[in-house]
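See below for the structure under consideration.
Derivation of every value follows stated rules applied to the coordinates shown; laboratory data play no part. All values derive from a computational prediction rather than experimental measurement. Note: ideal-geometry Cβ built from the backbone for every residue, glycine included; neighbour counts use all protein chains shown.
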Amino acid sequence: MKQDRRNEQGNVLWFILLAVALLAVLTVTISRSSDTTEQSGNIEQYRIQASDIMRYSAGIAQEIDNMRLRGISENNISFENGVTATDYTNGTCQDCLVFGSAGGGAYYKRPSTDWLNSAHSADSRYSEWEFSGTNIVPGLRSANPELIMYKAYLKQGLCAQINALLGISGNIPVDGNGMSVTAYQGSFAASETIDNMDGLEAGCFQDTGASGRDFTFYQVLIKR
């Protein structure tokens, strides 16, 4: 007697469709898991980099505190380092080099290119730390400009992680006027205010002003 195999063929087709559907779900799940893992890896990498930046800048601030305790005036401090092209010559400096054995004894460590947005790589200060005495952080001691070190052109994700570690919540603050990038040579002048960072001795913001520094970390070395 000949068997009717139409039902068997229908069952086989149903199992094939079910297998295809399960494979699609599995593919999407693996893809999402991969994306989540990659994002978590990026965040962890940014967190490590943020810690390096904050630790190094805090070390420079400590060395300057030590120099001042030895009687070295803020106006005598020099950031000449023999590494960068930017001129930090301070004619009043005698045994007061932050990066000199007779001064602060600090080591000048070039910023890692892993921190930086390569879209700005043509800028002459792209791979430099910068030091300035022409920017005011509102809400600190007075309206006088602070002595500040900063690193511009950071990746956005790194900037966000710096603020997260510092407890600065919300979106990355924006300074629409831009900061002054005058190199410190021993004198102070109130040129610009770092907007939306009131009372913060360290943090990261986006400079969208004329200086075009984009995502920028700063550390106040001397509050004035």
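Results, tabulated for the structure shown:
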{"item": "Long-range amide H partners of residue 193 with built H, under 5 Å", "result": "136"}
{"item": "Aspartates and glutamates whose Cα lies under 19 Å from that of residue 223, excluding same-chain neighbours fewer than 8 positions away", "result": "63, 65, 74, 130, 146, 192, 195, 198, 201"}
{"item": "Relative contact order, percent, region 44-222 [alpha-carbon distance under 8 Å, six or more residues apart]", "result": "24"}
{"item": "Rounded to whole Hz, the Karplus (6.51, -1.76, 1.60) HN-Hα couplings of region 49-66, x for glycine and proline", "result": "5, 4, 5, 4, 4, 5, 5, 5, 5, 5, x, 5, 4, 5, 4, 5, 4, 5"}
{"item": "Label-to-label distance, nm, for residues given as residue 102 and residue 141 (7 Å Cα→Cβ offset)", "result": "2.8"}
{"item": "Pairwise label distance in nanometres, residue 21 with residue 224, each label 7 Å out on the Cα-Cβ vector", "result": "7.2"}
{"item": "Label-point separation, residue 69 to residue 109 (7 Å along Cα→Cβ), nm", "result": "2.1"}
{"item": "Residue-by-residue Karplus 3J(HN,Hα) for region 146-161, coefficients 6.51, -1.76, 1.60, Hz, glycine and proline x", "result": "8, 8, 10, 10, 8, 10, 8, 6, 6, 5, 4, x, 5, 4, 5, 6"}
{"item": "Table column - 3J(HN,Hα) (Hz), region 198-210, Karplus curve with 6.51, -1.76, 1.60, x for Gly and Pro", "result": "4, x, 9, 6, 8, x, 10, 9, 9, 8, 9, x, 5"}
{"item": "Mean ellipticity per residue at 222 nm, deg cm²/dmol - from DSSP H runs of n ≥ 4 across the chain, formula -39500 (n - 2.57)", "result": "-12500 deg cm²/dmol"}
{"item": "Approximate shape of region 44-222 as ellipsoid semi-axes (Cα gyration tensor, √5λ), whole Å, largest first", "result": "24, 18, 16"}
{"item": "For residue 221, residues with placed amide H under 5 Å, excluding near neighbours", "result": "147, 148, 149"}
